[in-house]
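These notes are about the structure you will find just below.
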Amino acid sequence: MPREGTKLTGMQKAAILFITLGPEASAGIIKKLPESEIQKITYEIANITSVSAEQREEILNEFLEMNKARDYIVEGGMDYARVLLSKALGQQRAAEILEKVSEVTQQYRPFSIARKADAHQLLNVISNEHPQTIALILCYLQAEKAAQVIAELPEELQSDVAFRIASMNNTSPMVIKEIEKVLESKLSSIVRTEVTSLGGVDTLVDILNQVDRTTEKNITESLEREDADLAEKIKSSMFVFEDIITLDDVSIQRILRETDAKELALALKGCSEEVANAIFKNQSKRAAASLKEDMEFLGPVRLMDVEKAQQKIVSIIRRLDEAGEIILARGGEDAIIL
């Protein structure tokens, strides 16, 4: 058993976790694992002579944090998980946990060959496929690569594929495996590779946040004609309140001129210290002091009311962005010309 302070392997951590959980709870988990992993974990358990209380607590906490992160990701996507974990654990710890969860997820993620392919190579292979097939494949790509592919599709196909991504819920593993097999055979001669809850609004938002403004506008306008409620949900999700920290001071000052002080005080009750400081530093000392007093005067507030206030401010930000009065960071070729 490694000394305390020595970095443990994943199998060693799993072994300590099962020891901590006890035989009854561990048995139900172990029997669901692949035989090869059971053998490795069993070997580690057999070779552990002692485990300190600190190690048990640290590994159990890591296990609970990662499971909480997975639940948040399933519930609202990666950005939603990042916001909630940052509030609970701080930004650095949240980033560490999400990185670990991402690494584990990527090991078992289908369409690994598509993720390794060049965007133009992939486009040539899938452009003539059914829009539902294209949507399924894009859901498994890195957001940046999916954005490159969707931006090169014909306009009428862009909106169709986008709608299918946002509307997608569950897909049969057999269907995924069959599509992956066909795609693998088409890409295998092009890409050197070691052969090995999906979709939804958050997946499309990740992609749209990477494309140029023209592509985004074409897709969102088409979606508005197809499903106005879905389009509004996508637009409101593309910039969350915590993203205010990515804006420049001039933009934040412009937003504050449009924002009701009482609404702002309520919105800040549920945000990180970093976001609050970004607001305070763009106010006069008197205005910042007044805002802090308003926040204290509010006392305990309902999360639902805080989120509603934050969304109102996000709507102001989106309106100012669309009017060209502020500039949100964009992907693609939406460059700023000085």
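Quick look at the numbers
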quantity: Computed E for Ala88/Ser185 - FRET, C-beta separation, R0 41 angstrom, nearest 0.05; calculated: 0.35
quantity: Rounded, prolate or oblate (a/c below 1.5 giving rounded, otherwise prolate when a/b exceeds b/c) for the range 275-318 by Cα gyration tensor; calculated: oblate
quantity: HN-Hα J in Hz across the range 238-251 - Karplus 6.51, -1.76, 1.60, θ = phi - 60°, x for Gly and Pro; calculated: 6, 9, 9, 3, 5, 6, 4, 5, 8, 8, 7, 4, 4, 5
quantity: Sum of side-chain charges, Leu122 neighbourhood, beta-carbon under 14 Å (Lys, Arg +1; Asp, Glu -1); calculated: -2
quantity: Per residue accessible area of the range 202-298, 1.4 Å probe, in Å²; calculated: 53 Å²
quantity: Karplus 3J(HN,Hα) series, Hz, for the range 159-171 with 6.51 cos²θ - 1.76 cosθ + 1.60 (x for Gly, Pro); calculated: 5, 5, 5, 4, 4, 5, 5, 5, 8, 6, 10, 10, 10
quantity: Calculated FRET value between Lys116 and Phe63, using beta carbons and R₀ = 35 Å, to 0.05; calculated: 0.70
quantity: Label-point separation in nm, Leu230 to Asn277, each point 7 Å along Cα→Cβ; calculated: 4.2 nm
quantity: Within the accessible area of the range 233-322 (1.4 Å probe), percent carbon and sulfur; calculated: 52 percent
quantity: Per-pair calculated FRET efficiency, R0 = 25 Å: Ala53 and Glu24 via Cβ, rounded to 0.05; calculated: 0.75
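The values are calculated or read from the model by the stated rules, or taken from the named source; none is laboratory data. Small disclaimer: the values here were computed from a predicted structure and weren't measured. Glycine also receives a Cβ, built like all others from the backbone with ideal geometry; neighbour counts cover every protein chain displayed. The protein model used for the area step is the full one, side chains on, heavy atoms only, and it has no ligands, DNA or RNA in it. Shrake-Rupley method; radii C 1.70, N 1.55, O 1.52, S 1.80 Å.
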